[in-house]
1. Could you tell me which of rounded, prolate or oblate describes the range 98-176, using a ≥ b ≥ c as the square roots of the eigenvalues of the alpha-carbon gyration tensor, with rounded for a/c under 1.5 and, failing that, prolate when a/b is larger than b/c and oblate otherwise?
2. Which one, Tyr123, Leu144, Leu233, projects farthest toward the positive side of the charge dipole computed for the range 97-240 from Cβ point charges (K/R +1, D/E -1)?
3. Sequence-distant or interchain residues sharing an amide H contact under 5 Å with Tyr223, placed H: which?
4. With a/c under 1.5 counting as rounded, go ahead and sort the range 172-240 into rounded, prolate or oblate using the C-alpha gyration tensor (a ≥ b ≥ c being the square roots of the eigenvalues; past the cut-off, prolate if a/b is larger than b/c, else oblate).
5. So which of Lys80/Lys232; Lys44/Lys67; Lys58/Lys202; Lys132/Lys237; Lys80/Lys220 end up more than 30 Å apart, counting from Cα to Cα?
6. Starting from the amide H of Asp201, placed 1.01 Å from N in the peptide plane, find each other amide H under 5 Å away whose residue is 5 or more places distant or on another chain.
7. Within a Cβ distance under 13 Å of Ser171, other residues only, what is the Lys/Arg minus Asp/Glu net charge?
8. Under the classification rounded if a/c is under 1.5, otherwise prolate if a/b is larger than b/c and oblate if not, where does the range 122-240 fall, given a ≥ b ≥ c as square roots of the Cα gyration tensor eigenvalues?
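Rule-based calculations on the coordinates, nothing more; no lab input. Worth saying up front: this structure is predicted, and the values here are computed from it rather than measured. As a convention, Cβ positions derive from the backbone with ideal geometry for all residues, glycine included, and neighbour counts pool all protein chains shown.
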Amino acid sequence: MLRSCTAGLRSLWALRGRREGAARLSADLQPARRLFSTEKAVHKDWALPNPSWSKDLKLLFDQFMKKCEDGSWERLPSCKHTCTYKSEDFKTYFLDPQLVEGEGLSQAQLFTRGFEDGLGFEYVIFNNNDEKRTVCLFQGGPYLQGIPGFLHGGAIATMIDVAFGSCAAISGGAVMTANLNINFKRPVPLCSVLVIHSQLDKLEGRKLFVSCNVRSVDEKTLYSEATGLFIKLDPKKSST
Ligand SMILES: CCCCC/C=C\C/C=C\C/C=C\C/C=C\CCCC(=O)SCCNC(=O)CCNC(=O)[C@H](O)C(C)(C)COP(=O)(O)OP(=O)(O)OC[C@H]1O[C@@H](n2cnc3c(N)ncnc32)[C@H](O)[C@@H]1OP(=O)(O)O
């Protein structure tokens, strides 16, 4: 297990070296530029396999894609930029609309999608609408280390929040995390693949109660359990 993780890390470092070299080269050739709001952002879907995905992650991805064929499950696409958050509720609740639409946030991107392939959060979420549950397949890369060789608890919490956020947003629309409660039961080896099973337990007015368990690929190891409370944003209120 440790050997395969080390080999994985080594190939990721090699990949990173090549990418950084290429990035430096292109930076040398091109004048520095920012993405302006008038430019069309490329809405790439990041919840698809890339070369950094391990065999386990690809295998699970294929299994869930098969489950999507009869329509009981669906894969949730994921983009980096604000296209995920175009909900009117968000616009009115949050910031000055000029900031959201304008140059101020042109460089903003989803925290979990801000790493180069394989170095941070690699994940895809599948939704089962009838059962009000989601499954998140997650591979935590080497930049997410906490205790040497293991995934940082904050990275696990982040992914639980993302998995919960999706599960809650499907039923509730524009929601925000009000409470997260996590029990970390076993340390997670870096570069391993986790399966986060989330479900919506209760919807009570604007409150959405969710819970999850975080398991190994073979489901035998229970790494964490968590509950969360999400609140549907009230468009009549503002965030400030
Ligand atoms: C975020 C999801 C995006 C969804 C967008 C849509 C589609 C996108 C699709 C997928 C999304 C995919 C992934 C999502 C990715 C990442 C998730 C990141 C999520 C975050 O990173 S998010 C940042 C951290 N999060 C905050 O920064 C919240 C700060 N906070 C507040 O902004 C307010 O606090 C707020 C808005 C939560 C509520 O404020 P409010 O004024 O609207 O509501 P109010 O206070 O009246 O509470 C109403 C009822 O909830 C009860 N209640 C409230 N809080 C409670 C608590 N903690 N414990 C127990 N009960 C609580 C009250 O007691 C009352 O209960 P009752 O009605 O029974 O009296």
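1. Oblate, since a/c reaches 1.5 and b/c is not below a/b.
2. Leu233
3. Placed amide hydrogens put Val214, Arg215, Ser216 under 5 Å from Tyr223.
4. Details: a/c = 3.06, a/b = 2.44, b/c = 1.25.
Verdict is prolate for the range 172-240.
5. The pairs that break the limit, which is 30 Å between Cα atoms, are Lys58/Lys202; Lys80/Lys220.
6. Phe209, Val210, Ser211
7. Working: positive: Lys132, Arg133, Lys202, Arg206, Lys207, Lys232; negative: Asp130, Glu131, Asp201, Glu204.
Local net charge: +2.
8. It is prolate, given that a/c is not under 1.5 and a/b is the larger ratio.
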